[in-house]
Amino acid sequence: MGMTITEKILAKHAGRQKLEAGELINAKVDMVLGNDVTAPLAIQEFERIGVKTVFDPAKIALVPDHFTPNKDIQSAEQAKIMREFARRHDIVHYFEVGRMGIEHCLLPELGIVLPGHVVIGADSHTCTYGALGAFATGVGSTDMAAAMATGEAWFRVPETILFVYRGELKPWVSGKDLILYTIGLIGVDGARYMSMEFTGEAIEGLSQDARFTMANMAIEAGAKNGIFIPDAVTENYVRQRAKGNYEFYVSDPDAHYKKVIEIDVSGIEPQVAFPHLPENARGIGDVGEVAVDQVVIGSCTNGRIEDLEIAASILQGKTVAANVRLIVIPGTQAIYLEALNQGLIEIFINAGAAVSTPTCGPCLGGHMGILAKGERAVATTNRNFVGRMGHPESEVYLSGPAVAAASAVTGYITSPQDVVKEGA
Amino acid sequence: MNVFQGKTWVFGDDIDTDAIIPARYLTTQDPKILAAHCMEDAEPDFPKKVQPGDIIVGGKNFGCGSSREHAPIAISGAGVSLVIAESFARIFFRNAINIGLPIVECPQAVSGCENGHTLQVDLAAGVVKNLTLNESYEAVAFPDFMQEIIQAGGLIGFVKRQTGGEK
Ligand code: SF4
């Protein structure tokens, strides 16, 4: 029997010819990631291990993105722990404020996570890199500490659900809508412990940015990783950036899947996930009238250049509704600059948006747009749990950038089609 | 040694890590400070009323969401001896084992369990007893490899042995 792409990558890194779902293995990792929330704890644990040096200073990435530029004294202290560790151990991929970005936008952009890699990160959305055909998964701080010392991590080889997306996408439907729809279908634990492999003709036509968005939210279905078979789109993305070797793996035709789920995309509308779970996805036509106080466009899910382009195409020549605060957060400095050069930032500011330096900020209720009691936001982020963006009695609705931008214009959750029509 | 007994705090399905410890408190890793806010958005009384040895009972997918190890740390910092759930989200599962917070998957023990019941859990034998209901259930056993990590007191102890950091 053949192997899936996930099994192949894990086998290679475990020094094995073959392995099967369910096996416990030790695998070498190509990159270990941490941020200003998780790394300080990992550093504390690393110090308890008693080794003097990290396994490889070029295979550790430390990104201060969650509460940076630091929002208060405590978060500044945490960031300092990470900064000093990075200096002490000559960590190559440490990114200071002004040069950083949201970790999951930044690492692929710099070509330091690549197809065929095994990546672990002390951040649950590490699964984003599966969009490049890498095995990438989130772990905790202690796992990160152990991997910084040994260069290895233990895994249970996951079973895989194969998702096959067929048909043609409707206008304004993209990666976010497909993944919200999929999570709506299988539920927030529908792929618990498993790998989600995204394939099909509708996927082949998706941009690299849209693929990142989908892989990013595999965790919201409980998955260990989400993965795409690398192709010409991947090659195009990594060729210019790669800072190291990479390898394209593909699943064998006779690979074993736990389940195959076929999805006809042609009927899928832009999606909105209602509070307080990402699985509460509905087509925009079934949303009803939901007024919003705030709109956030950004995060590791939808803070990439394509997302900003989509948002700007809707906001061009329009203004944000009087009762709405629109906050736009480019994912990295490079994305910010590109948006500036393309004139997107000007469109946002003219529309009445606040544009911020890259940060996770409001996505996890950190800073830069916290909700008060009873307030409601539509956000291109990935989680709408109770209290995620602020007060426990606030609400977050998840959508793609098109719905978010359209909603900023009208003040209630709106189909992009309606706004664009109005303006035409 | 491996037997835990305590009163239960019952929560529903999909208890996420933002409910266990909201991100607004993630600017510290001090177990005491984290414990003071543990579960407060789901059950405001919890941090005030939880007693050492109490047991958290969750539904399916307990601990879903972020990778923050602050979640199991807050729970163990609050004095909770053990978490029982129908199922655990995978990163939480990993983190709990890695930091040495005992967790048990036992759907039968969860259904029918109410706040304030007394549970007795024998980890080695894999048996959960509800002393209030006078019922006994079998728990899902951990693979040997994970037992080794638990025996080493968590992943750091385990790696210390491997790297020879502990003489
Ligand atoms: S943008 Fe949000 S989900 Fe992504 S890494 Fe930051 S806090 Fe986590």
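The values are calculated or read from the model by the stated rules, or taken from the named source; none is laboratory data. All values derive from a computational prediction rather than experimental measurement. Glycine gets a Cβ as well: all are built from the backbone with ideal geometry, and neighbour counts include every protein chain shown. Surface areas here come from the heavy atoms of the whole protein model, side chains and all, with no ligands, DNA or RNA. Shrake-Rupley method; radii C 1.70, N 1.55, O 1.52, S 1.80 Å.
By the scheme Lys and Arg +1, Asp and Glu -1, what is the net charge of all other residues having a beta-carbon under 12 Å from that of B:CYS113?
Working: positive: B:LYS7, B:LYS129; negative: B:GLU86, B:GLU114, B:GLU135.
Residues near B:CYS113 contribute -1 overall.
Note the per residue figure in Å³ for the convex hull of the C-alpha positions in the stretch A:1-91.
Details: hull volume 11.7 nm³, N = 91.
Spelled out: Cα convex hull of the stretch A:1-91, divided by residues, is 129 Å³.
Test of the criteria: in the stretch A:237-301, which GluC sites (Glu not before Pro) are in a DSSP loop and have at most 10 other Cβ atoms within 10 angstrom of their Cβ? Don't skip to the answer; put the middle values down first.
Details: sites: A:GLU247, A:GLU262, A:GLU279, A:GLU289; in loops: A:GLU247, A:GLU279, A:GLU289.
Those that pass, being in a loop and sparsely packed, are A:GLU289.
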Specify which residue in the list A:VAL233, A:ALA405, A:GLY361 is farthest towards the positive end of the charge dipole of chain A, using unit charges on the beta carbon of Lys, Arg (+1) and Asp, Glu (-1), about the Cα centre. A:GLY361
Can you tell me the FRET efficiency between A:GLN17 and B:VAL140 if r is taken as the Cβ-Cβ distance and R0 is 41 Å, rounded to the nearest 0.05? 0.85
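To the nearest 20 Debye, how big is the dipole of the stretch A:271-423 about its Cα centre, given +1 on the beta carbon of each Lys and Arg and -1 on that of each Asp and Glu? Intermediate results must be reported in sequence, preceding the final value.
Details: 9 positive and 14 negative charges, 45 e Å.
Dipole of the stretch A:271-423, to the nearest 20 debye: 220 debye.
Anything over 20 Å Cα to Cα? Flag those among B:LYS7/B:LYS129; A:LYS8/A:LYS259; A:LYS52/B:LYS32, in the order listed.
On the way: B:LYS7/B:LYS129 12 Å; A:LYS8/A:LYS259 18 Å; A:LYS52/B:LYS32 29 Å.
Beyond 20 Å: A:LYS52/B:LYS32.
Could you give me D for the stretch A:354-407, from Stokes-Einstein at 37 °C and 0.692 mPa s, where the hydrodynamic radius is the Kirkwood radius over C-alpha pairs? Units µm² s⁻¹, please.
Values: Rh = 11.2 Å.
My calculation gives 293 µm²/s for D.
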Which three numbers, in whole Å and largest first, are the semi-axes of the equivalent ellipsoid of the stretch A:5-263 derived from its Cα gyration tensor as √(5λ)? 30, 21, 17
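Apply 1/(1 + (r/R0)^6) to the Cβ-Cβ distance of A:GLN240 and A:GLU47, taking R0 = 41 Å, and write down the FRET efficiency to the nearest 0.05. Don't skip to the answer; put the middle values down first.
Values: r = 38 Å, r/R0 = 0.94.
The computed FRET efficiency comes out at 0.60.
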Percent of Cα-Cα pairs more than 20 Å apart in the stretch A:271-423, please. 40
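Just checking the output field for A:378-388: average partner chain Cβ neighbours within 10 Å of each residue's Cβ?
Details: counts 0, 0, 0, 0, 1, 7, 1, 12, 6, 9, 8.
Other-chain Cβ atoms within 10 Å of each residue's Cβ, averaged: 4.
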Looking only at lysines whose Cα falls under 16 Å of A:LYS71's and that sit 8 or more positions away or on another chain, we get A:LYS80
Rounded to whole Å and ordered largest first, report the semi-axes of the equivalent ellipsoid of the stretch A:112-191 derived from its Cα gyration tensor (root of 5λ). 29, 14, 12
Assigned charges on the beta-carbon of Lys, Arg, Asp, Glu; chain A dipole about Cα centre (debye): 780
Ranking A:VAL139, A:LEU41, B:VAL57 by how far each Cα lies towards the positive end of the charge dipole of the protein assembly as shown (+1 on Lys and Arg Cβ, -1 on Asp and Glu Cβ), the top one is A:LEU41
A:ILE263 long-range amide H proximity, modeled H, under 5 Å: A:VAL164, A:TYR165, A:ARG166
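For A:ALA76 and A:LYS170, compute 0.36 nm times the residue count separating them, minus their Cα-Cα distance, and round to one decimal in nm.
Working: separation 94, 0.36 × 94 = 33.84 nm, distance 4.51 nm.
Length difference between fully extended and current span is 29.3 nm.
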Per-residue HN-Hα couplings for the stretch A:230-238 [Karplus 6.51, -1.76, 1.60; θ = phi - 60°; Hz; x = Gly/Pro]: x, 9, 5, 4, 4, 4, 4, 6, 8
In whole Å and largest first, what semi-axes does the C-alpha gyration tensor of the stretch B:100-147 yield when each eigenvalue is scaled by 5 and square-rooted? 21, 10, 9
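Which value at 222 nm does chain A reach when only helices count, each DSSP H run of 4 or more adding -39,500 (n - 2.57), with the total divided by all residues and rounded to the nearest 500 deg cm²/dmol?
Numbers: 15 runs with 136 residues, N = 424.
Value at 222 nm, helices only, nearest 500: -9000 deg cm²/dmol.
Identify the trypsin sites (Lys or Arg not before Pro) of the stretch A:1-80 meeting these criteria: DSSP loop state and at most 12 other C-beta atoms within 10 Å of the C-beta.
Listed in order of number, the matching sites are A:LYS18, A:LYS52.
Compute for chains A and B the buried accessible surface, both sides summed, probe 1.4 Å, and express it in Å² to the nearest 100.
Numbers: alone 16110 and 8600 Å², together 20790 Å².
Interface area, both chains combined: 3900 Å², rounded to the nearest 100.
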³J(HN,Hα) across the stretch A:5-19 via Karplus (A = 6.51, B = -1.76, C = 1.60, θ = phi - 60°), whole Hz, x for Gly/Pro? 4, 5, 4, 5, 5, 5, 4, 4, 7, 9, x, 10, 6, 9, 8
A correct Kirkwood calculation over the Cα atoms of the protein assembly as shown returns a hydrodynamic radius in Å of 23.9
Checking the cross-link filter: which aspartates and glutamates have an alpha carbon closer than 17 Å to that of A:LYS318, excluding same-chain neighbours under 8 positions apart? A:GLU309, A:GLU346, A:ASP418, A:GLU422
To the nearest 0.05, how large is the calculated FRET efficiency for A:ARG88 and A:ALA232 if R₀ is 45 Å and r is the Cβ-Cβ distance? 0.60
Give the aspartates and glutamates whose C-alpha is closer than 19 Å to that of A:LYS28, dropping any in the same chain fewer than 8 places away, or say none. A:GLU7, A:GLU20, A:ASP56, A:ASP123, A:ASP143, A:GLU152, A:GLU247
Distribution of pairwise C-alpha distances over chain B, 5 Å bins, in %: 2, 9, 18, 22, 21, 15, 8, 3, 1, 0
Place +1 on the Cβ of every Lys and Arg and -1 on the Cβ of every Asp and Glu in the stretch A:204-355, take the dipole about the Cα centre, and give the residue among A:VAL324, A:LEU337, A:VAL287 whose Cα lies farthest towards its positive end. A:LEU337
Label-point separation, A:ASN26 to A:ASP264 (7 Å along Cα→Cβ), nm: 5.1
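What's the local net charge at A:THR199, with K and R +1, D and E -1, over the other residues with C-beta under 12 Å away? Before the final figure, lay out each step's value.
Values: positive: A:ARG166, A:ARG211; negative: A:GLU197, A:GLU201, A:GLU204, A:ASP231, A:GLU262.
Net charge around A:THR199: -3.
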